[in-house]
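The structure is given below, and queries will be raised subsequently.
Readers should treat all values here as calculations from the given coordinates under stated rules, not as data from a laboratory. Only a predicted model underlies this, so the values are computations on that prediction, with no experimental measurement involved. Positions of Cβ are generated from backbone atoms using ideal geometry, with glycine treated the same way; all protein chains shown enter the neighbour counts.
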Amino acid sequence: MRIFIQWISLRENISGQDITIYTDSEASILSSTMTGLTSTKFVLYNDIDVILELQEQLRSSVHTIHLVHVEAHQDKHTKYKNLSPEAKLNVLMDKNVGLFIERNPRKYAHSLDAPHFPTQKLCLSGRHGTITAAFRDIFIDQFNQPVQNEYMKKHFGEASSTGANWKHVARVLKTGKKFRSRNTKMLHNQYNTFDTCYRWKTSSTANCPLCKTKVESWDHLPRCNHHEIRRICNLEIIRIRKAMTKVKTEPQLQTHLLSCIRAYTENKTIPRPSTSNVPMTEAHKQQIAIRWDNFMKGIWSEKWEKIQHTHYCNMEEKNDKLNVDVWSKRMVECMFMLYRILWKERCEINQAQKIGALDSRIREKTHMQYPNLCSG
Ligand SMILES: [Zn+2]
């Protein structure tokens, strides 16, 4: 910021000007007036260097600096063209930062290094490089670790310890705000299935309301043989295939993954890849450890990702929009969507059946009360 302000001064050869800095972070305006930031209490505070620099500039710059708050994401409720110039700038900056992170995820989003953009973090370095740039998270994580481990073991089995694509699952949950709660429920097996209802004594049966033959456990849904569920599964598999083709999935990998999904949904044995393909066999083995029910929920072995990465590296025509992080995120989104659509359909059919049952009950009652209505 100092360089930026000095650059303006040098360029325009001016001083004593009013400079307005727009920000959508109320926290930064508040922190610009905070005192005592040099005490030990704030040593681990993220962005402390930026806050101190800002305070320094506000105090000593040859210009008068104004900090103005702009409400974030105003384009959500107003058309972009009708926004004020400040709000437009905010939308554009958000978009640019989003694009930057999307295009450089390996470099920035999951890096423990202290990035200079878009966030600043206090970073602890040792002789061999950065040790951590996330003190707070590490302390909190360590405190919660035993409980977390127990929970993960119970809900995800081996997937919690074997190389699964957790960071992409987390990324989809983080960025897909619209479906976050539904996706989280699905991931944690918290759909209100009849098996659960039966245990809570809110249903007289644990059987699936659609096929009526199998217990409706949380993993029954994609395997249910109700004709509507089967129809949607087939449509969804086509959609996943299209999505895979769009991100240029390695052809053998695509065929194999699709046949795994199909076999799982049809209650058939999951096909093994040809033994001559070593990376694929390794990935398949790891996926078995992670389990196929987890696979259906988007928890995939990281080794699938490696195969795709090699494929991208070997592609003649390079395209910076195609990278393996984008690929993995896309695959997780596809699997989440498969579950969401199936669950929505299941609930709608169940609801329609209930309404149907209600209609016939009303008809029966009416008939008992007013038998003459029908006898005429
Ligand atoms: Zn069923």
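Mind telling me which of the residues ASN267, ASN323 ends up being in contact (Cβ under 8 Å) with a residue 12 or more places away in the chain and surrounded by 14 or more Cβ atoms within 10 Å (Cβ to Cβ)?
One residue alone meets the criteria, ASN323.
What number goes with the only condition from (1) outside any helix (DSSP H, G or I); (2) surrounded by 16 or more Cβ atoms within 10 Å (Cβ to Cβ); (3) within 12 Å of the ligand (Cβ to nearest atom) that PRO273 does not pass?
(3) is the only condition that PRO273 fails.
Scan the stretch 182-195 residue by residue and report those that are outside any loop (DSSP other than H, G, I, E, B) and within 16 Å of the ligand (Cβ to nearest atom). So that I can check it myself, show each step before the final result.
First, pick out the residues of the stretch 182-195 that are outside any loop (DSSP other than H, G, I, E, B): 182-187, 194-195.
Within the stretch 182-195, PHE194, ASP195 meet the criteria.
Taking the stretch 189-214 as the search range and keeping residues that are without any contact (Cβ under 8 Å) to a residue 60 or more places away in the chain and touching a helix residue (DSSP H, G or I) at 6+ places or on another chain (Cβ under 6 Å), which one is farthest from ARG230 (Cα to Cα)?
SER203
So which of LYS344, LYS297, LYS365, LYS354 is surrounded by fewer than 17 Cβ atoms within 10 Å (Cβ to Cβ) and under 20 Å from the mean Cα position of the chain (by Cα)?
Numbers: LYS297 fails: surrounded by fewer than 17 Cβ atoms within 10 Å (Cβ to Cβ); LYS365 fails: under 20 Å from the mean Cα position of the chain (by Cα); LYS354 fails: under 20 Å from the mean Cα position of the chain (by Cα).
It is LYS344.
So which residues in the stretch 347-367 are more than 24 Å from ALA206 (Cβ to Cβ) and among the aliphatic types (A, V, I, L, M)?
Correct list: ILE362 only.
Within the stretch 55-89, track down each residue that is assigned to a helix (DSSP H, G or I) and in contact with a strand residue (DSSP E or B) (Cβ under 7 Å, 6 or more places away or on another chain).
GLN57, LEU58, GLU86, LEU89
Can you tell me which residue within the stretch 196-218, out of those that are closer than 22 Å to HIS155 by Cα and away from the ligand (no atom under 15 Å from the Cβ), is surrounded by the most Cβ atoms within 10 Å (Cβ to Cβ)?
Within the stretch 196-218, the match that is surrounded by the most Cβ atoms within 10 Å (Cβ to Cβ) is ARG199.
I've got another one for you. Do you know which residues across the stretch 219-240 are of a type in the set (A, V, I, L, M, F, W, C) and either within 10 Å of the ligand (Cβ to nearest atom) or part of a loop (DSSP other than H, G, I, E, B) (or both)?
LEU221, CYS224, ILE229 - these are the residues of the stretch 219-240 that are of a type in the set (A, V, I, L, M, F, W, C) and either within 10 Å of the ligand (Cβ to nearest atom) or part of a loop (DSSP other than H, G, I, E, B) (or both).
Same structure, new question: Does SER259 fit the bill of being away from the ligand (no atom under 16 Å from the Cβ), hydroxyl-bearing (Ser, Thr, Tyr) and in a helix (DSSP H, G or I)?
Answer is yes for this residue.
Given the residues GLU216, GLU228, GLU150, which is the only one that is within 25 Å of the chain's Cα centre (by Cα) and more than 30 Å from TYR45 (Cβ to Cβ)?
Working: GLU216 fails: within 25 Å of the chain's Cα centre (by Cα); GLU228 fails: within 25 Å of the chain's Cα centre (by Cα).
Just a single option satisfies the conditions, and that option is GLU150.
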